[in-house]
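The values are calculated or read from the model by the stated rules, or taken from the named source; none is laboratory data. Computed from a predicted model, the values in this text were never measured in an experiment. Ideal geometry is used to build each Cβ from the backbone, glycine not excepted, and the neighbour counts take in all protein chains shown. Side chains are part of the model used for accessible areas, which takes the heavy atoms of the whole protein and leaves out ligands, DNA and RNA. Shrake-Rupley method; radii C 1.70, N 1.55, O 1.52, S 1.80 Å.
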Amino acid sequence: MRGFIFYKGRSPIDNAEIVGIATLESKNGKTGNMVQTWILRTDTHPLEARRNGSDRAYCGDCPMHSECYIEWGKAPSNVWKTYARGGYMDLRRKPALMRRLTMGRMVRLGAAGDPAMIPLQYWLRLLETAEGWTGYTHQWREAWAQPMRELCMASVETAADADLARAMGWRTFRVKTRAQPIAKHEIECPSDKGRRCIDCGACDGALKPSSASIVIVVHGPKAKQFERAHA
Ligand code: SF4
């Protein structure tokens, strides 16, 4: 089995129908072979949704929309096409099988799409027998997203937002420019030193609110754009 559907419901942003899909094998070098989860519209190809703005159903008002690092024409498109032709088993009413498939695995919440679009209880069901998880949300200001503090880091791009999110009870994952300092409560993401998320697992939200937040220097194809915008 390549993957399965674990959720179908309505976006808290615009009430569009969205689907949560878990895929079981990944060649992603940064994360390692984690179970990857995808939050997409049921009715629109992700590239079309990005073009016409209906991706708001699962991206929300993400401030990184124009600097997004996700290659929407690649894995998310393939996942959506497989979904559209009925290629994923619907396990929403088969929690025992779902638990067997994720048992002992590390799970990435939102390889594409914001995990806060899916209510906490559906994630808890998916993660019941998992080894651990990583998750990030840009919806951390929203009242309906607050339960996700348990599982997700608040994604932030400024120190001021990091302070605000921490005051609200979130741990944060902050992207910074090379020049910006690291705060006392932050540690650097070790991915630059070759550590993979599957082995690290630090970005698992605020179950341990005392834990340090994470900071990373911006990298990738949109790095220059980010450096300019946050200089
Ligand atoms: S801190 Fe660890 S889990 Fe978080 S992004 Fe970096 S490597 Fe992945």
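Odds and ends about this structure:
- The strands (runs of 3 or more DSSP E) falling completely within the range 1-73 that include 1 or more residues that are touching a strand residue (DSSP E or B) at 6+ places or on another chain (Cβ under 8 Å) and open to solvent by 60 Å² or more (accessible area, probe 1.4 Å) map to 3-10, 17-23.
Residue by residue, here is whether (1) hydroxyl-bearing (Ser, Thr, Tyr); (2) more than 16 Å from the ligand (Cβ to nearest atom) holds:
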{"residue": "25", "(1), (2)": "no, yes"}
{"residue": "33", "(1), (2)": "no, no"}
{"residue": "36", "(1), (2)": "no, no"}
{"residue": "41", "(1), (2)": "no, yes"}
{"residue": "53", "(1), (2)": "no, yes"}
{"residue": "58", "(1), (2)": "yes, yes"}
{"residue": "70", "(1), (2)": "no, no"}
{"residue": "81", "(1), (2)": "no, yes"}
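- Residue in the range 57-73 that is at pLDDT 95 or above and among the polar types (S, T, N, Q) present: no
- Check on residue 128, open to solvent by 60 Å² or more (accessible area, probe 1.4 Å), more than 13 Å from the ligand (Cβ to nearest atom) and touching a Gly at 6+ places or on another chain (Cβ under 9 Å): no
- Restricting the range 204-231 to residues that are within 15 Å of residue 134 (Cα to Cα) and among the charged types (D, E, K, R), the residue that is farthest from the ligand (Cβ to nearest atom): 208
- When residues of the range 74-110 are limited to those that are in contact with a strand residue (DSSP E or B) (Cβ under 9 Å, 6 or more places away or on another chain) and among the basic types (Lys, Arg), the one surrounded by the fewest Cβ atoms within 10 Å (Cβ to Cβ): 94
- Taken together, 201, 113 contain a single residue that is touching a strand residue (DSSP E or B) at 6+ places or on another chain (Cβ under 6 Å), near the ligand (Cβ under 10 Å from one of its atoms) and on the phi > 0 side of the Ramachandran plot, which is 201.
- Within the range 85-103, the residues that satisfy the criterion of being closer than 20 Å to residue 132 by Cα and not basic (Lys, Arg) are 95, 96, 97, 98, 101, 102, 103.
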